[in-house]
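Worksheet: the structure to be examined is printed underneath.
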Amino acid sequence: METTFKNKVALVTGGASGIGRATALAFAKKGAKVAVVDWKENDEMVDLIKELGSEAIFIKCNVSKTDDVKAMVAQTIAAFGRLDYAFNNAGIEGASAPTQDCSEENWDKTIGVNLKGVWLCMKYEIPEILKQGKGAIVNCASVAGLVGFAGLPAYVASKHGIVGLTKTTALECATQGIRVNVVCPGVIQTPMIDRLTGKTKEGIERFKGFEPIGRFGLPEEIANAVVWMCSDEASFVTGHVMAVDGGFTAQ
Ligand code: NAD
């Protein structure tokens, strides 16, 4: 069965960079029209929209703000007339500090973007996808949604929250034609990991040490999993927590 998303519309949040960018390209490669969402309009985004051509639009949106998310969905429908798939991927790592030193501001911001953002996106995406009678949502958590990570309490809590939220929404949508799954990436070579390693030799070696497979993953390796979970080839897959992590959580 060859997956095609011809005449379908996909929305990708956090599309200006890393995993989101690769997934926007992967959806387009399969024939989908793509709404690429980010709170940043950088050069990479301009290049991406040029590369995707007339079948893509950029939407500026902060996924933690209700009005922005409502407008994000409305702009997608205004441009393409429908919504079939969403990859709710926008996320931040937050500041690194142990639980007792984590500031309230850092907690609120990290939970606000990562967890509230995913909930808000689904809240406004689901009614539109329901109009098609069929569709799929993939949320982006992390291996930090499955195990603890010292020094990142808000990030870990937000990602565990996404896993539970995804399972719940999957149950709610199970008989309505929308499948809802969550991808848990391991260490993936993106600007986020560059910030966490500080691009130092020690930082890179430390993060490589988490990966039994002996290297960082590529954004395209997450995009492949997301596109598969949206495709008809995954028609019996919902509420699934998929680690794409080079063996990280097998340890
Ligand atoms: P990245 O920093 O390269 O890209 C994240 C994108 O999200 C950026 O373009 C950023 O502008 C956007 N964004 C952040 N907050 C936003 C907001 N409030 N509204 C709209 N856009 C916003 O990072 P990435 O590595 O590609 O991360 C993508 C997702 O994957 C994140 O949810 C991250 O937690 C998750 N993840 C990444 C890794 C990794 O190793 N890179 C591992 C596990 C999970």
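Counting just the residues of the range 77-107 that are away from the ligand (no atom under 16 Å from the Cβ), assigned to a loop (DSSP other than H, G, I, E, B) and not charged (D, E, K, R), which one comes out farthest from VAL36 (Cα to Cα)?
Residues of the range 77-107 away from the ligand (no atom under 16 Å from the Cβ): 77-85, 97-104.
Subset that is assigned to a loop (DSSP other than H, G, I, E, B): 81-84, 97-98, 102-103.
Subsequent filtering for residues that are not charged (D, E, K, R) retains 81, 83, 97-98, 102-103.
Working: GLY81: 15, LEU83: 13, ALA97: 32, PRO98: 34, CYS102: 32, SER103: 31 Å.
Top of the filtered list is PRO98.
Is there a residue in the range 39-62 that is within 25 Å of LYS167 (Cα to Cα) and away from the ligand (no atom under 12 Å from the Cβ)? I'd like the intermediate steps shown before the answer.
Step one: filter the range 39-62 for residues within 25 Å of LYS167 (Cα to Cα), giving 62.
Subset that is away from the ligand (no atom under 12 Å from the Cβ): none.
Scanning the range 39-62 turns up no residue that is within 25 Å of LYS167 (Cα to Cα) and away from the ligand (no atom under 12 Å from the Cβ).
Yes/no matrix, rows are residues, columns are (1) more than 15 Å from the chain's Cα centre (by Cα); (2) under 30 Å from GLU44 (Cβ atoms):
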position: PHE149; (1), (2): yes, yes
position: ALA174; (1), (2): yes, no
position: THR190; (1), (2): no, yes
position: LEU196; (1), (2): yes, yes
position: THR200; (1), (2): yes, yes
position: ILE222; (1), (2): no, yes
position: ALA225; (1), (2): no, yes
position: SER231; (1), (2): yes, yes
position: HIS240; (1), (2): no, no
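Screening the range 176-205 for residues that are of a type in the set (Lys, Arg) and surrounded by 13 or more Cβ atoms within 10 Å (Cβ to Cβ) and picking the one that is nearest to ALA136 (Cα to Cα) gives ARG179. The residues listed here are VAL183, VAL187; of these, the one that is touching a Cys at 6+ places or on another chain (Cβ under 8 Å) and touching a residue at least 60 places away in the same chain (Cβ under 8 Å) is VAL183.
Name the single residue, out of those in the range 1-31 being hydroxyl-bearing (Ser, Thr, Tyr) and surrounded by fewer than 21 Cβ atoms within 10 Å (Cβ to Cβ), that is farthest from the ligand (Cβ to nearest atom). Here the answer is THR4. Among the candidates LYS123, LYS116, LYS134, the residue that is over 13 Å from THR166 (Cα atoms) and of a type outside the set (Ser, Thr, Tyr) is uniquely LYS134.
A quick yes/no check of all residues on (1) within 19 Å of LEU25 (Cα to Cα); (2) of a type in the set (D, E, K, R):
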residue	(1), (2)
GLU41	yes, yes
MET45	yes, no
GLY53	yes, no
ALA56	yes, no
LYS60	yes, yes
ASP67	no, yes
GLN75	no, no
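Residue pairs whose Cβ atoms lie under 7 Å apart, sitting 6 or more positions apart in sequence or on different chains, and linking a residue in the range 118-139 that is farther than 14 Å from ALA71 by Cα to a partner that is among the polar types (S, T, N, Q), are VAL118/ASN88; VAL118/ASN139; LEU130/GLN176; ILE137/ASN88; VAL138/ASN181; ASN139/ASN88; ASN139/THR166.
Since every read-out is calculated from the coordinates, none of them should be taken as a lab result. This is a predicted model, so every value here is computed, not measured. A quick note on method: Cβ atoms are made from the backbone with ideal geometry, for glycine too, and the neighbour counts reach across all protein chains shown.
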